Structures are given as C-alpha cells and as structure tokens.
1. Just to be sure I understand the filter: pairs with C-beta atoms under 6 Å, separated by 6 or more residues or on different chains, first member in region 260-288 and open to solvent by less than 60 Å² (accessible area, probe 1.4 Å), second member among the acidic types (Asp, Glu) and not in a loop (DSSP other than H, G, I, E, B). Which pairs pass?
2. What number of residues within region 147-156 satisfy the criterion of being in contact with a Lys or Arg (Cβ under 9 Å, 6 or more places away or on another chain) and open to solvent by less than 20 Å² (accessible area, probe 1.4 Å)?
3. Have a look at 106, 185, 167, 101 and point out the one that is buried (at least 19 other Cβ atoms within 10 Å of the Cβ), free of Cβ contacts under 8 Å to residues at least 60 places away in the same chain and over 16 Å from residue 52 (Cβ atoms).
4. For region 102-122, give me each residue that is assigned to a helix (DSSP H, G or I) and within 11 Å of ligand 2 (Cβ to nearest atom).
5. Quick one: how many residues across region 192-210 are under 16 Å from residue 177 (Cβ atoms) and not hydrophobic (A, V, I, L, M, F, W, C)?
6. Would you mind telling me which numbered condition in (1) within 15 Å of ligand 2 (Cβ to nearest atom); (2) within 24 Å of residue 86 (Cα to Cα) residue 12 fails?
7. Looking only at region 129-145, count how many residues are open to solvent by 20 Å² or more (accessible area, probe 1.4 Å), under 20 Å from the mean Cα position of the chain (by Cα) and under 18 Å from residue 92 (Cβ atoms).
8. Taking region 212-225 as the search range and keeping residues that are within 10 Å of ligand 1 (Cβ to nearest atom) and open to solvent by less than 10 Å² (accessible area, probe 1.4 Å), which one is farthest from residue 273 (Cα to Cα)?
Amino acid sequence: METISSNRPKIVVIGSCNTDMVVKANRLPVPGETILGGTFYMNPGGKGANQAIAAARLGAEVTFISKIGYDLFGLQALEIYRSEKINTEFIFTDQKSPSGVALISVDSFGENSIIVAPGASRSLSTEEINKAEEKIKEADIILMQLEVPIDTVEYAATIANRYGKKVILNPAPASTLSNSFLNNVHTILPNRIEAEMLSGIKVMDVESAHRAAKAIENVVITLGKDGAYVKEKDEYTMIPAKEVETIDTTGAGDVFCGAFSVYLSQGHSLAESVKFANAAAAIAVTRI
Ligand code: ATP
Ligand code: RIB
C-alpha cells in the first residue's frame with residue numbers, strides 16, 4: 001500500500017494500551033468447556049494502540065494519549081510505540097494498576113472473542129487530557145474508542161470541538177452514548193453490534209444497516225468481510241470489503257479506523273476514506 005509522505009496529517013489517538021494473549025483454536029470454547037488450542041502469541045494490542053500504529057504506519061504524525069501500569073508490559077508497549085515513531089509524551093503511568101491485558105481466542109475462520117482487563121486504562125483522566133490540550137489544538141483529527149473512561153472521552157470531544165477539530169469515534173466496546181456527546185462527534189465508526197446498541201436496530205445485512213444508519217448522523221457501519229455501509233449527510237453507500245484469505249480478524253476494525261482517519265484528514269469524502277480503510281483492514285486480516 002502507498003504510504004503518504006508529504007503534508008503529514010496530525011492525528012491524536014486517545015485510548016487503551018493492552019498486551020494481547022492470543023490462542024488460535026479450531027473453534028471457540030462454549031461456557032464451561034476446556035478445549036486444546038494451537039500456538040500462543042503475545043502481541044501488542046489495545047484498540048487505542050492498534051489505531052495509533054495503523055495511522056502512524058500510513059504516514060500520520062501521531063500523538064497517543066494513553067495510560068500504562070508501572071510494569072514490564074507497559075514498558076514494552078512504550079518501546080514499540082517509539083519504534084513506530086509515535087509521540088509518547090502523553091502516555092501516563094498509573095503506579096497502582098497493571099497495564100491492560102486482553103485474552104483473545106481466534107477460531108479457524110479468523111473470528112475472535114476477547115476479554116479485556118483494562119487495568120491502568122481505567123484511570124486515564126480528564127486532567128491528563130488537559131495536559132495534552134496543545135496537541136489537540138494542533139491536530140487534524142482526534143480518534144477515540146471506549147476502552148478508557150467514557151467521561152474522559154466525552155471531555156476530550158468537548159475540547160476538540162472547542163478548537164473545531166474533527167472527532168472520529170469508534171464506539172468499542174459497545175456502550176450507550178448521550179446525544180450531547182454524539183453532537184461533538186464528526187463521524188462514528190461502529191461495527192454491527194455497536195450499531196445495534198446505538199440505533200436499537202439489529203444489523204445483519206445491507207437493508208438493516210441502512211435502517212440503523214438512518215437513525216445516526218455521519219456514520220460508517222463496518223460489516224466484517226462484507227465491507228462497510230456509509231451514510232454521509234443524506235447519501236448512503238455500501239462499499240464491499242476486499243476478498244482475502246482470513247487468518248485473524250483481531251484488530252481489523254482498528255486498522256480500519258486508523259486508515260480511515262488518515263485518509264479523511266487529507267480532505268477525502270467518507271466513502272473514499274472507507275475504500276482506503278477496507279484495503280488496509282483486508283491486509284490486517286491475512287495475518288495474526
Ligand atoms: P475487530 O473487533 O475484529 O477488530 P470489528 O468488529 O471492529 O473488528 P469488523 O466490522 O469485523 O470490525 O471489520 C472491520 C473492517 O475490517 C471491515 O469493514 C472490513 O473492511 C475489514 N474486514 C473484516 N473482516 C474481513 C474479512 N474477513 N475480509 C476482508 N476484510 C475484512
Ligand atoms: O480490537 C482489537 C483489540 O481489542 C485487541 O488488540 C485487544 O487488546 C482489545 O483492545
């Protein structure tokens with residue numbers, strides 16, 4: 001994929017840092033069941049971190065606002081962000097909580113189930129957002145998710161709005177959101193489950209995605225291997241995903257959000273940005 005080198009967009013990502021403990025298995029266990037899986041992987045993760053890295057790899061100047069524990073996982077994560085040329089000045093340390101961890105199972109279709117122990121992510125505060133206000137002021141886009149406290153995310157959206165910045169929200173994990181918060185969001189990027197939470201409509205196909213999108217303002221509903229459904233003002237577009245061999249979908253949504261933000265920040269429409277994001281996310285699902 002082409003990397004954008006001139007006129008680098010400035011993106012502030014506010015979100016979680018996790019270490020992912022991943023096991024691949026033929027299928028996901030049912031409650032109460034033990035199954036034997038395959039290889040174990042320990043990977044850097046967290047929706048915030050994944051989105052920050054995706055945006056940085058696509059050429060953006062990224063500041064990541066996050067929180068780690070005073071432990072090895074946190075320090076390893078910091079090293080990784082630095083090697084990705086991400087500004088880590090506003091990654092705070094919680095002396096009392098461990099760094100976030102995610103337990104992830106991936107089945108033979110590449111589908112996953114995830115439990116996050118957020119640890120230090122849970123204590124990212126509004127005061128810490130204040131410390132990074134200058135970066136928000138300089139940014140083209142503020143990209144956030146919901147693995148850090150919602151009060152902090154809402155507060156950051158208010159500040160970003162004060163400076164006329166575009167706020168992109170990936171409302172994951174699914175949560176109910178107030179209208180006052182949504183009014184400060186330029187585009188929301190839910191997956192099927194999150195779109196249902198926001199609209200009250202079960203999203204299974206293009207028709208139900210259309211009904212859900214009608215209930216939300218600027219929205220991109222990601223539909224896994226089917227692609228994404230876009231509503232920009234009064235225009236609705238279904239944009240198919242690329243057909244690829246799927247190994248692991250973990251983080252596909254994050255790569256999508258990072259790539260989408262980079263392209264949008266360069267003045268492209270939502271639909272054009274989704275085409276770019278579909279391509280980036282398709283690459284992500286072909287690997288662990
Ligand atoms: P995850 O939580 O697994 O990171 P998500 O649930 O947030 O993902 P999805 O809607 O599953 O988000 O996928 C996001 C985007 O990733 C899709 O819109 C699509 O562009 C791409 N994608 C996901 N799965 C596939 C697939 N199997 N083949 C090609 N592209 C895919
Ligand atoms: O979206 C995938 C991410 O969700 C994983 O990296 C995991 O850490 C959880 O935050």
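The values are calculated or read from the model by the stated rules, or taken from the named source; none is laboratory data. Everything quoted here is computed from the prediction, not taken from an experiment. Please note: Cβ atoms are built from the backbone with ideal geometry, for glycine as well, and neighbour counts cover all protein chains shown. Calculation scope for accessible area: heavy atoms of the full protein, side chains included, ligands and nucleic acids excluded. Shrake-Rupley method; radii C 1.70, N 1.55, O 1.52, S 1.80 Å.
1. 270/232
2. 1
3. After applying the criteria, what remains is 185.
4. Across region 102-122, the qualifying residue is only 121.
5. Of the residues in region 192-210, 4 are under 16 Å from residue 177 (Cβ atoms) and not hydrophobic (A, V, I, L, M, F, W, C).
6. That leaves (1) as the condition not met.
7. 1
8. Restricting to residues being within 10 Å of ligand 1 (Cβ to nearest atom) and open to solvent by less than 10 Å² (accessible area, probe 1.4 Å), the top hit is 223.
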